[in-house]
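Trainee: So that we are looking at the same thing, I have put the structure below in structure tokens.
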Amino acid sequence: MQGLLRHLLSVGIFAASLSSPRLAQAWIEKRIESSTTTLELGSDGAAIVRYELSVEVRGAPLKGLELRGVDSDAEPLADGTITRMQGATATSLPLPVQVRANNGHVDVHLPLKQGFRGRSFLLKFGYRTQLLERQLIRHLADGQRSELGWVGPRFDDGVDSVTLVVRTAAAAQAPEVVVEDTDSAHATTANFGIVMSTLRRSQRQDELELVRSHVARDEPITWRVLLDRKLFFPDPIGTGAEPAAAQAAATQLSLPAPTSTTVSPRWPPQLPWIALAGVAYGLMVLLKAWIAARAAHVRHCQPRAWVGWKAPYRAAVAGLCLASAGALVIWGSEPTLAALALVLAIACAALRRPEPNISLRGPGVWQTLDAAAFRAAPSGPALPGAWLDAGRPQGFLLLMAALSATTWLAARSFEISPYYGACILLGSSALLPLFCTGRAGELPLDPLAYSRRFLRRVQRRLRRHPELVVKPIGRFAAAEAKLDELRLSIIPERGLPGLIGLELGLEFQERLGGFGASPVVVVRAAEGSACQRALPRGLAWTRGRSAEERATLVRPKLPTLALSVGLIQELLAGMRGPEPGHGTPSAKKAAKSSGRVLSTAKAGTRASPAHAT
């Protein structure tokens, strides 16, 4: 039993280690495939050592690299970079790195907290060292030569190709590698392994390239090169025999100052663009708020924003938050703060559905209108903001163009850093409140304009039935004598006793995605008449326009034109009177008509006094 418990505990610990994000991302394998080192020697015995390392990485993203066995007095330079490679082709722009040196160790740190994803990288960095002060350049007994003895770094897994380039000013005697001697007295001063050398000379400088095909694991690489003594030690006789070309080259090989020198502060190159983006976004938010206020005034409603501040304040905070998000992405170490700033910018820019101005209408009078009632009325003021509305063609095209430009910019940035590319894609979500909120589709509909279009189409279809009398009617407010509602009156030539008529109108309601209109049929009949008994019992009747009149509402199952016309036809079929010379329809026929009506309508709906009257 105890063995089983120990086994289960081991499995649980192993599973927890795999599920832990820190442990899962901890595994990484780094190997240096090749190393190229350049020593630029100055006349004062100082040198600049520059490394170019080809690094292969497996596992987690690369966050840094450690190099052992470098010069103990190394003073790193500020021009270190790393580039993602694919074969011999660079797939990203050089990314700056931070180089720290301490007692023979160099730590290269990438500024990206998430690391640099990729398989192959080219790392370049350099430092300044004093070779003559550390007695790595010594004078030989022949009086003509000086010997450079320099030990390269050690690699944990060994390297298949190591190259050293020694670059000096032009001298009378060319630099040459120390040839390995079989004599035990000189074997310790010679280069280890097989070294291939290439000498390149010009009027200004000499360059000796040394290549070793393989360096074993953790092996110190020892390089010994013979140089002209006059490069470092002046001529004791003072003959001035040193070539003028060598003096000019030595002057040109002046070494740069170490990183500890004071550098005048400069504005980051991305700062103006970030500030410009923040200002532009704030102006766009202000323009959107002004457009939404104008459109709400046209449709008689109140604009609302998710953040209950005035438009100038919301615009200023939105622009500041967007600029802060960009700055935190580039110079900050916590992307969570950048995400919070972006969310706050979106919240300040987003608009809610406007609130309609609901007012109780007073008494009115229904009147029969002429045939021109359903014609298009003179158009009122057009809704502004078509270019900032994704629901209209202009705004949709502009939004697609903006998203396409953002995607292209993110793809270009992804080559430099996947982190920056992903942040640009996430930042494009700031466009959504500008184009997808405060749309015309969220505003209340124009009741008269929408009723004209819908009822005109229904009237055209009902004109095919000559037994129907179809005419428009309108309600005029008693206080202002102004038309405030339109309906379509439908009266059959032969109807059941008590049938007064049918009216088709529209109900304007607030829905989940905005405001919409639903058709409703008002059936008017005398109380207790045969027409009222012919309709289904599930309908709710209420008082009509007179004491003897009763009215009920019947709605189609779906608010479409076809179902509305079909419902009217089924209602008329159930309330059709007898042919001349025939009796009243039987109860069985009336029941069948009631069943057809229930198949197309919503049964059991209650009538509201506003629609019934």
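The values are calculated or read from the model by the stated rules, or taken from the named source; none is laboratory data. Because the structure is a prediction, the values reported are computed rather than measured. So basically every Cβ, Gly included, is an ideal-geometry build from the backbone, and we count neighbours across all protein chains shown. Heads up: the accessible areas ignore ligands, DNA and RNA and are worked out on the full protein's heavy atoms, side chains in. Shrake-Rupley method; radii C 1.70, N 1.55, O 1.52, S 1.80 Å.
Trainee: Given the conditions (1) touching a residue at least 40 places away in the same chain (Cβ under 8 Å); (2) among the charged types (D, E, K, R); (3) out of contact with any Pro (no Cβ under 8 Å at 6 or more places or on another chain); (4) not in a helix (DSSP H, G or I), report the number of the one that Asp484 does not fulfil.
Mentor: So Asp484 meets the others, but not (3).
Trainee: Is it the case that some residue within segment 442-458 is closer than 30 Å to Arg352 by Cα and among the hydroxyl-bearing types (Ser, Thr, Tyr)?
Mentor: Taking every residue of segment 442-458 in turn, at least one turns out to be closer than 30 Å to Arg352 by Cα and among the hydroxyl-bearing types (Ser, Thr, Tyr).
Trainee: Same structure again: Can we say Glu56 is assigned to a strand (DSSP E or B) and either open to solvent by less than 20 Å² (accessible area, probe 1.4 Å) or more than 26 Å from Arg217 (Cβ to Cβ) (or both)?
Mentor: Answer is no for this residue.
Trainee: Residues that are in contact (Cβ under 8 Å) with a residue 24 or more places away in the chain and open to solvent by 80 Å² or more (accessible area, probe 1.4 Å): does segment 372-379 have at least one?
Mentor: Looking for residues that are in contact (Cβ under 8 Å) with a residue 24 or more places away in the chain and open to solvent by 80 Å² or more (accessible area, probe 1.4 Å), one finds at least one in segment 372-379, hence yes.
Trainee: Based on what the data block shows, is Arg550 in contact with a Gly (Cβ under 9 Å, 6 or more places away or on another chain) and modelled with pLDDT of 90 or more?
Mentor: Yes.
Trainee: What pairs come up if the first residue lies in segment 58-75 and is farther than 18 Å from Leu131 by Cβ, the second is assigned to a loop (DSSP other than H, G, I, E, B) and open to solvent by 30 Å² or more (accessible area, probe 1.4 Å), and their beta carbons are under 6 Å apart, counting only those six or more places apart or on different chains?
Mentor: Gly59/Trp27; Ala60/Gln25; Pro61/Arg117
Trainee: Only one of (1) modelled with pLDDT under 85; (2) more than 20 Å from Glu480 (Cα to Cα); (3) assigned to a helix (DSSP H, G or I) is not met by Ser333, so which one is it?
Mentor: For Ser333, the failing item is (3).
Trainee: Could you identify the single residue in Arg353, Arg361 that is in contact (Cβ under 8 Å) with a residue 40 or more places away in the chain, within 15 Å of Pro433 (Cβ to Cβ), open to solvent by 50 Å² or more (accessible area, probe 1.4 Å) and not in a helix (DSSP H, G or I)?
Mentor: Arg353
Trainee: Among the listed residues Ile500, Ile490, identify the single one that is in a strand (DSSP E or B), within 30 Å of Gly574 (Cα to Cα), in contact (Cβ under 8 Å) with a residue 24 or more places away in the chain and out of contact with any Leu (no Cβ under 6 Å at 6 or more places or on another chain).
Mentor: Of the residues listed, the single one that is in a strand (DSSP E or B), within 30 Å of Gly574 (Cα to Cα), in contact (Cβ under 8 Å) with a residue 24 or more places away in the chain and out of contact with any Leu (no Cβ under 6 Å at 6 or more places or on another chain) is Ile500.
Trainee: OK, next. Filter the strands (runs of 3 or more DSSP E) completely within segment 63-167 down to those with at least 1 residues that are touching a helix residue (DSSP H, G or I) at 6+ places or on another chain (Cβ under 9 Å).
Mentor: Filter on segment 63-167 gives 81-86, 137-139, 145-152.
Trainee: Residues of segment 441-481 being in a strand (DSSP E or B) and in contact (Cβ under 8 Å) with a residue 40 or more places away in the chain, which ones?
Mentor: Leu468, Lys471, Pro472, Ile473, Gly474, Arg475, Phe476, Ala477
Trainee: Still on this model: Identify the residue in segment 393-415 that is surrounded by 17 or more Cβ atoms within 10 Å (Cβ to Cβ) and in contact (Cβ under 8 Å) with a residue 24 or more places away in the chain and, among all such residues, is nearest to Val329 (Cα to Cα).
Mentor: It comes out as Thr406.
Trainee: Here are the criteria: (1) open to solvent by 80 Å² or more (accessible area, probe 1.4 Å); (2) in contact (Cβ under 8 Å) with a residue 24 or more places away in the chain; (3) closer than 20 Å to Arg555 by Cβ. Tell me which single one Leu512 does not satisfy.
Mentor: With (1) open to solvent by 80 Å² or more (accessible area, probe 1.4 Å); (2) in contact (Cβ under 8 Å) with a residue 24 or more places away in the chain; (3) closer than 20 Å to Arg555 by Cβ applied to Leu512, the lone miss is (2).
Trainee: Then there's this: Could you please let me know if Leu383 is within 26 Å of Arg456 (Cα to Cα), open to solvent by less than 50 Å² (accessible area, probe 1.4 Å) and not in a helix (DSSP H, G or I)?
Mentor: Spelling it out, Leu383 is indeed within 26 Å of Arg456 (Cα to Cα), open to solvent by less than 50 Å² (accessible area, probe 1.4 Å) and not in a helix (DSSP H, G or I).
Trainee: Across segment 213-233, what is the number of residues that are open to solvent by 50 Å² or more (accessible area, probe 1.4 Å) and either in contact with an Asp or Glu (Cβ under 9 Å, 6 or more places away or on another chain) or over 20 Å from Glu33 (Cα atoms) (or both)?
Mentor: Of the residues in segment 213-233, 7 are open to solvent by 50 Å² or more (accessible area, probe 1.4 Å) and either in contact with an Asp or Glu (Cβ under 9 Å, 6 or more places away or on another chain) or over 20 Å from Glu33 (Cα atoms) (or both).
Trainee: Out of all the residues in segment 280-333, which are open to solvent by 70 Å² or more (accessible area, probe 1.4 Å) and within 27 Å of Leu448 (Cα to Cα)?
Mentor: Of everything in segment 280-333, those that are open to solvent by 70 Å² or more (accessible area, probe 1.4 Å) and within 27 Å of Leu448 (Cα to Cα) turn out to be Trp290, Arg294, His297, His300, Gln302, Arg304.
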